[in-house]
Each structure stands twice: as structure tokens, then as C-alpha cells.
Amino acid sequence: MGSEREEAFETALEALRRRLREGRFPPGDRIPAVIVADELRLSATPIREALSRLAGEGLVEERRGQGFFVRRLTAADVADLYRLGLSQLLILLAQERSVQQAPPAPGDLEAEPVVALEEFWMAWMRARASPALLSAYRGVATQLGPVRRTEPLVLDELAQEAQDLLRSAAQDSPAEIAQALRRFHGRRIAAADRLAQTCIRRAGLL
């Protein structure tokens, strides 16, 4: 029975992380535990336990008597999250001679460059990072997910940018890859205010 409960908890936790990263719950919205439980064919208990874990990690907000809510990110939050993501990738890069992973097919980049890069970096982290670094990076990626999905509304040439970055990851020296990562994240840090406002506007909060 204990193993079944643990399995349900892990299923709920992974599903909630994925939905937060994909922006399925708009910023400021209450996360409907009962609806999520129905969709995952689980009881509400592991959903609430998973939400409590995410609240402890700072990924959602628990409001006593009201439930769990998606955090609203300010421009400063957005900029700092991109900085954190960059620093974590650079920490991992410092331990590697190269990324050592083939980039996604160009078709994936053309259709969904944001998702392609997320998957690329997460796969790199899972394969190479320590548990502590992977946990920290997963938290940042989860919080940035909804913001990153507004990038196509704010920034241009995302597919070409992603292609160039992945080509650098596959062919260049660590120093050159680091420069490419800094350019990529620096562009988004400079646009943090527009990204934050667009994210809130899409959620209907302005």
C-alpha cells in the first residue's frame, strides 16, 4: 500500500511540474486539485500532497483556506530566473568538455523552438548533473515555463537563434558555448519587463 501511495504521489508531482512548466495554469490562478485528480485518475490526496511539496519548493503559493495558486512573476523575478538558469547551465558546462548530445531535428526547432531547447537542456541536466544541480535547474525551468511560452510574442527569429545555439553546443569549445548561452539569456533578461507583462496579459490579469 505504501508503494502505491508513493507511486501516486510521484505521478502527481511530475504531472503538476509539467503542467506548470507548460503554462497550463495561468499566473495567479487557483490550481483545481479535484479536476487535476480526475484528469490523472487519482484521488485528490496525492494531488494535494504534491502541491504541498511544490509550495515548499516555492513553485506555487499555498493560501490557507483557499488552496494552491500559481505564482505571479514580476519583471525582476523573470530576469533573476533567467540569470539563475544561465548560471546553472554554466556550472554544468564547466564540468564538461562538450555538451555531448545531438541537437533535436530542425523540424522540431522550426515548430517549437522554446520546447526544443527546454527538452535539450533538461536532457543534458538529467544525464550529467548532480542531484542537487538537477533539482535546482528543474525548479527554475518550472517557474520560467509560462514566461518562456510568451517569447514568440516578444522576441523574433527564435528558431534561427535556437539552431545557432544548438550548433554551437554540438561543435564549439566550452568557452564559445558559454558565450552563446550568455547571449541567449542576456536577450531575455533585457526583455524581462515585456515578457512578464505579456505573461500576465495572456492570463487576463491586466
Exercise. When every alpha-carbon pair in the chain is counted, what percent end up more than 21 Å apart?
Worked result: 56
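Tell me the relative contact order for the chain as a rounded percent, counting alpha carbon contacts under 8 Å between residues six or more apart. List each step's numbers first, then the result.
Numbers: 218 pairs, mean separation 58.5, N = 206.
It comes to 28 percent, rounded to a whole number.
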Exercise. For Arg83 and Gln179 in one chain, what is 0.36 nm times their gap in residues minus the Cα-Cα distance, to one decimal in nm?
Worked result: 33.2 nm
Seminar exercise, completed: Reported to the nearest 10 Å², Leu155 has, with a 1.4 Å probe, an accessible area equal to 20
Problem set entry | In Hz, Karplus ³J(HN,Hα) per residue of segment 171-185 (6.51, -1.76, 1.60; θ = phi - 60°; x = Gly, Pro) | 10, 8, 6, x, 5, 6, 5, 4, 5, 5, 5, 5, 4, 4, 6
Exercise. With labels modelled as points extended 7 Å from the Cα through the Cβ direction, what inter-label distance (nm, one decimal) is found for Asp193 paired with Ser52?
Worked result: 4.2
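The values are calculated or read from the model by the stated rules, or taken from the named source; none is laboratory data. All values reported here derive from a predicted model rather than from experimental measurement. Cβ coordinates were reconstructed from backbone atoms using ideal geometry, including for glycine residues, and neighbour counts include every protein chain displayed. To get the accessible areas, we keep the full protein, side chains included, count just its heavy atoms, and leave off ligands, DNA and RNA. Shrake-Rupley method; radii C 1.70, N 1.55, O 1.52, S 1.80 Å.
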